[in-house]
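Shown next, in structure tokens, is the structure this report addresses.
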Amino acid sequence: KTLSQGDLSVRVNETGGDEIAVLGRSFNEMADSLQKSEERKKAMTADIAHELRSPLAVQRAQIEAMQDGIVPLTVDSLQTVLDQTNFLARLVDDLRTLALVDAGELPLEKNEIDFVELVEQVVERFQPKAVQQHIDLRIAEVTCCKDAIIFADSDRIVQIFGNLISNGLHHTPENGKILISVFEDDSAVYCSVADSGCGIKEADLPHLFERFYRGDKSRNHEFSSTGLGLSIAKHLVEAHGGRI
């Protein structure tokens, strides 16, 4: 009765080994699950509010400054507003993707695709940015069949690699490397994306795929990233029956 009234912290005693004790343990496990779900929901709402607040504040300040004549109405000043608008659009798209994943309704247009060829296309797409940043981006090793065919949604696979390579470009210093390897083992195809950047702190590894998680709490908000990319990539991999 207490649980039904909204107190998710309530638990029952689990003494004994009869059916009532088993029922008590099941009740407590259910209560734990409900409480954790509610905590995640509250944290998610707070995170979304935080992520929306920063770009909206920048956008509002820039527009008000242009209205007051403090900032001239130029292409450059409008670009700042456009950058925030684009970030908000990406954030909404990412949130929608995660909502579809959570609901088990993420649409996948699966077809037979050449995995190696697809990876080559993604790498080629990021080459101009890599050259601009003086980063050696390339496929370093392919030890599987050239025609490694997988059954997948090509757009979603591109989205996964796009996120990983974008992260690599962001965290790899000038004259660094981003090396991609594709190999085959136990009738499965694997791919690794390794860069020569600063790496990830060991304490951050367990939280790597959590939504909105940022290891360096002191760094400023980055409008190039919504903080959801790795979480989405993980869910997309699992939606294809793969693993990270």
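Things worth noting here:
- Any hit, segment 191-207, residues being more than 23 Å from the chain's Cα centre (by Cα), exposed (fewer than 12 other Cβ atoms within 10 Å of the Cβ) and not in a loop (DSSP other than H, G, I, E, B): no
Here is a yes/no grid of residues against (1) outside any helix (DSSP H, G or I); (2) among the small types (G, A, S):
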{"site": "A46", "(1), (2)": "no, yes"}
{"site": "E51", "(1), (2)": "no, no"}
{"site": "A61", "(1), (2)": "no, yes"}
{"site": "A65", "(1), (2)": "no, yes"}
{"site": "G69", "(1), (2)": "yes, yes"}
{"site": "L73", "(1), (2)": "yes, no"}
{"site": "N86", "(1), (2)": "no, no"}
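- Of all residue pairs spaced 6 or more apart or on separate chains, those with beta-carbon atoms under 7 Å, a first member in segment 28-39 that is under 16 Å from G6 (Cβ atoms) and a second member that is open to solvent by 60 Å² or more (accessible area, probe 1.4 Å) and basic (K, R) are A31/R11.
- Flag if N28 is at pLDDT 90 or above, part of a helix (DSSP H, G or I), open to solvent by less than 80 Å² (accessible area, probe 1.4 Å) and out of contact with any strand residue (DSSP E or B) (no Cβ under 6 Å at 6 or more places or on another chain): yes
- Pair list, Cβ under 6 Å, 6 or more apart: segment 97-109 residue β-branched (V, I, T), other residue not in a loop (DSSP other than H, G, I, E, B): T97/I232; V101/H235
- Looking across segment 10-25, the residues that are open to solvent by 60 Å² or more (accessible area, probe 1.4 Å) and not in a loop (DSSP other than H, G, I, E, B) come down to E19, I20, V22, L23, R25.
- Within segment 145-186, being under 27 Å from H134 (Cα atoms), out of contact with any Cys (no Cβ under 9 Å at 6 or more places or on another chain) and in a strand (DSSP E or B) holds for K177, I178, L179.
- Residue in segment 10-22 that is free of Cβ contacts under 8 Å to residues at least 24 places away in the same chain, over 27 Å from N163 (Cα atoms) and touching an Asp or Glu at 6+ places or on another chain (Cβ under 7 Å) present: yes
- For S154, the stated conditions hold: it is open to solvent by 30 Å² or more (accessible area, probe 1.4 Å), of a type in the set (S, T, N, Q), modelled with pLDDT of 90 or more and closer than 22 Å to V116 by Cα.
- Segment 36-92 - residue that is touching a helix residue (DSSP H, G or I) at 6+ places or on another chain (Cβ under 8 Å) and of a type in the set (V, I, T) and, of those, modelled with the lowest pLDDT: I48
- Segment 90-127: number of residues that are open to solvent by 50 Å² or more (accessible area, probe 1.4 Å), under 23 Å from L228 (Cβ atoms) and part of a helix (DSSP H, G or I): 7
- Scanning segment 147-180 for residues that are more than 28 Å from V101 (Cα to Cα) and in contact (Cβ under 8 Å) with a residue 40 or more places away in the chain yields E174, N175, G176, K177, I178, L179.
- Test result for M66, farther than 24 Å from V92 by Cβ and under 32 Å from the mean Cα position of the chain (by Cα): no
The values are calculated or read from the model by the stated rules, or taken from the named source; none is laboratory data. Remember, it's a predicted structure, so these values are computed and weren't measured experimentally. Note: ideal-geometry Cβ built from the backbone for every residue, glycine included; neighbour counts use all protein chains shown. These accessible areas exclude ligands, DNA and RNA; they are computed on the full protein's heavy atoms, side chains included. Shrake-Rupley method; radii C 1.70, N 1.55, O 1.52, S 1.80 Å.
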